[in-house]
Amino acid sequence: MSMRRTRVGPSLSRPRFFQPTFLRPSLFGIVAALIGLGAQAEFQALAFKAAMGIRKLRVFDPDPAAVAKFGINLRGSGIEVAVTDSVASAVNGADIVTTATAAKRNAVILTSDMIGPGVHINAIGGDCPGKTELDRGLLQRGRIFVEYLPQSRVEGEIQQLPVDCGITELWEVLAGKHPGRMSAAEVTIFDSVGFAIEDFSLLRYLYELTDSMSLHREIDLVPSLEDPKDLFGLVRGAEADFPRSSKVG
């Protein structure tokens, strides 16, 4: 559930921060890049396709096993995956970049010189104090949006910035109180760390949806996985346990 919830924030942000009227002309459509192919990667890739119809994705991860796992899980998804040999190669010329790395340290995955005008960045790897992915210069260059400002100042990319820097919460954009992207050249950054009420809201919705149906089974709260990076495989296996006619949607 948490994996699916995590993809919702970036999915909501993409159409608003990368509006169709601001798309740069391209013979190849929107170019998307995904950095980090761990537990969250497949969910993000499918969200790219569902939210914006993106069917071609450039990816990078230094772990060959993670790359192989990602490719296997996305077979039959309708997404064409291009594996690159570096972060710079993956993001070169990209319109949308998502970082989903796992190292719990102040890392610099993206630097300002890698990012051209008009790019939207979903930074979802930072989720605790001392864990970041973006160079401070890139943060200072872009307009930043977060889920819940007090939490993001402690756990998100903006922990690198002074408290008086201008930050907008996502709900303000969704409610029409603040614009998303304002020009074709603007760099926008969604600094997503997750927010407990998002998980609670999704859990409540799923409970109400399935309570009167035979669409659930008990599982371990903390699953035991041979590969901790392959949560998508666990979800796919659980879905296969139910007859197709019993599924919702």
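Throughout, read-outs are computed from the coordinates displayed, never taken from laboratory work. Note that this is a predicted model, so its numbers are computed, not measured. Using ideal geometry, Cβ is built from the backbone for each residue, glycine included, and neighbour counts are taken over all protein chains shown.
A viscosity of 0.890 mPa s and a temperature of 25 °C, combined with the Kirkwood radius over Cα pairs in Stokes-Einstein, give a translational diffusion coefficient for region 2-198 of 148 µm²/s.
For region 91-172, what does the relative contact order come out to in percent, with C-alpha contacts under 8 Å and a separation of six or more?
28 percent
When the pairs Lys56/Lys131; Lys177/Lys229; Lys56/Lys229 are compared against a 32 Å limit on Cα-Cα distance, Lys177/Lys229 fall above it. Sorting 77-83, 56-62, 39-45, 147-153 by average packing, meaning the other beta carbons within 10 Å per residue, from highest down gives 39-45, 56-62, 147-153, 77-83. Simple spin-label estimate for Ser201 and Lys177 gives 1.4 nm between the two label positions (7 Å along the Cα-to-Cβ direction from each Cα). Label-to-label distance, Leu209 versus Cys165, with points set 7 angstrom from Cα along the beta-carbon direction: 3.6 nm. When only alpha carbons are used to place a centre, region 119-186 and region 56-110 end up 21 Å from one another. Within the straight-line cut-off of under 13 Å between alpha carbons, the aspartates and glutamates reachable from Lys104 are Asp127, Glu133, Glu155, Glu157, sequence neighbours fewer than 8 places apart in one chain being disregarded. Near the amide H of Thr98, within less than 5 Å, lie the amide hydrogens of Ala33, Leu34, Ile35, Asn122, all on another chain or at least 5 residues away, with H placed in the peptide plane.
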